[in-house]
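Accompanying notes for the structure given below.
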Amino acid sequence: MTRTDRKAAPTFALALALATAALSGSVAGAARAAGASDSDQERAARWQEIAKSIFGDRRIETTDSLVKIDAPGRALDAALVPITLTMPDDGRIKAVSLIIDDNPAPYAAKFEFGPAADPAELKLRVRVNNYTDMHAVVETQDGKLYEAKQFVKASGGCSAPMGMSDEEAMKGMGDMRMKFADSQPGKPVEATLMIRHPNFSGMQMNQVTRDYTPARYIDKLTVSAGDRTVFTMTGDISIASNPVINFAFKPDGKPIRVSASDNAGGSWQHSFNPPSPTN
């Protein structure tokens, strides 16, 4: 495993702008309007504003088959909300974006799938800062966009402290583990990637100094099987601390390579040997 430093470069300009504006109290639209008592019409109007900022004038059609969101109706822990994205017609899927409408930075993550991916199911954990609609938007191979939506009740996930000092939270930063499910010849292999990283949101208060911890989060993650890409994830502050991502890939007998970087210039690489198929 290696670590290098590079100049930090923001990847989600929209998300960072929204987060900065929200934290400074200057948002008059989407972020400030968010609330548990908002009407369906208010939430729909906010989504239209966010969608236009992210996707421009591209048309987004509603779907109940190309992508589905499975999330708890009421989160037990707003800082660790489990999300499952199901995409049954995986051969058509080029990318999927997860947007948490009422988070300070709504654009949580985008996954772009490569030739080694089996994007039928994707699992991750996110922070949810308010009662909110979540949107999953898939891009199909022909460039069309389709969306699914789910409402989640949660509060304070982006500002929830980690329960330890910043120094403790950063120990072992960049360490990785990967677990593989049993595989069969010719079938995709399920894997769980675990990365140690605090993913500080910039909204968490240090319980000792009473200062806000600066945002530091994984902004790019690439997983490859040999020379073939499984997925590239672009992330932001809504990804939970110590990210855990469940995915599937098409094995070719070569190691799985993981490359991660954060917005503060840290980068880490690791490789894992998947198990041999069993009959």
Worksheet item: So what are the radius of gyration and Dmax for the Cα set of the chain, in Å?
Response: 18.5, 60
Worksheet item: Accessible surface of GLU49 in the full protein assembly, 1.4 angstrom probe, to the nearest 10 Å²?
Response: 90 Å²
Worksheet item: What's the FRET efficiency of ASP227 with ALA264 using the Cβ-Cβ distance as r and R₀ = 30 Å, to the nearest 0.05?
Response: 0.55
Practice prompt. Please report the relative contact order for segment 67-133, taking Cα pairs under 8 Å with a sequence separation of at least 6, and give it as a percent rounded to a whole number.
Written response: 38 percent
Worksheet, complete the sentence: the chain, Gaussian network, Cα under 10 Å: of ASN246, ASN263, ASN206, the residue fluctuating most is ASN206
Fill in: Dipole in debye (nearest 20) - the chain, about Cα centre, beta carbon charges: Lys, Arg +1; Asp, Glu -1
460 debye
Discussion item. Assuming 0.36 nm per residue, please report the length gained on full extension of the stretch LEU76 to ALA181 beyond their Cα-Cα distance.
Written reply: 35.1 nm
Discussion item. Could you sort SER183, SER259 by their accessible area in this structure, using a 1.4 Å probe and putting the largest first?
Written reply: SER259, SER183
Worksheet item: Given a 1.4 Å probe and the protein chains all in place, what does the accessible area of HIS270 round to, in Å² to the nearest 10?
Response: 60 Å²
Practice prompt. Kindly flag which residue pairs out of LYS171/LYS250; LYS187/LYS220; LYS68/LYS171 have an alpha-carbon separation exceeding 30 Å in this structure.
Written response: LYS171/LYS250; LYS68/LYS171
Response to the item:
Each label sits 7 Å from Cα toward the beta-carbon; between ASP64 and MET164 the label points are separated, in nm, by 4.5 nm
Worksheet item: Hey, what D do you get for segment 110-169 in µm²/s if you plug the Kirkwood alpha-carbon radius into Stokes-Einstein at 4 °C and 1.567 mPa s?
Response: 88 µm²/s
Worksheet item: Per residue of the chain, what 222 nm ellipticity follows from adding -39500 (n - 2.57) for every DSSP H run with n ≥ 4, rounded to the nearest 500?
Response: -4000 deg cm²/dmol
Worksheet entry | Dipole of the chain [Lys/Arg +1, Asp/Glu -1 at C-beta], most positive-end residue of SER271, ALA75, ALA36 | SER271
Worksheet entry | Rounded accessible area per residue of segment 63-146, 1.4 Å, Å² | 35 Å²
Worksheet item: Per-residue accessible area for MET173 at 1.4 Å probe radius, Å² rounded to 10?
Response: 20 Å²
Item to complete: Mind running the shape call on segment 173-279? Use the C-alpha gyration tensor, a ≥ b ≥ c as the square roots of the eigenvalues: rounded below 1.5 for a/c, prolate if a/b tops b/c, oblate otherwise.
Response: prolate
Worksheet item: Rounded to the nearest 20 Debye, what is the dipole magnitude of segment 186-267 about its Cα centre when Lys and Arg each give +1 and Asp and Glu each give -1 at the C-beta?
Response: 200 debye
Worksheet item: Leaving out ligands, DNA and RNA, what percent of the accessible area of segment 107-231 is carbon and sulfur, probe 1.4 Å?
Response: 46 percent
Fill in: Dipole-positive endmost among PRO115, SER155, GLY143 within segment 112-158 (Cβ charges, Cα centre)
SER155
Worksheet item: Relative contact order for the chain using alpha-carbon pairs under 8 Å, separation at least 6, rounded to a whole percent?
Response: 22 percent
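The values are calculated or read from the model by the stated rules, or taken from the named source; none is laboratory data. Predicted model, so just to flag it, every value in this text is computed and none were measured. Please note: Cβ atoms are built from the backbone with ideal geometry, for glycine as well, and neighbour counts cover all protein chains shown. Keep in mind that these areas ignore ligands, DNA and RNA; they rest on the heavy atoms of the full protein, side chains included. Shrake-Rupley method; radii C 1.70, N 1.55, O 1.52, S 1.80 Å.
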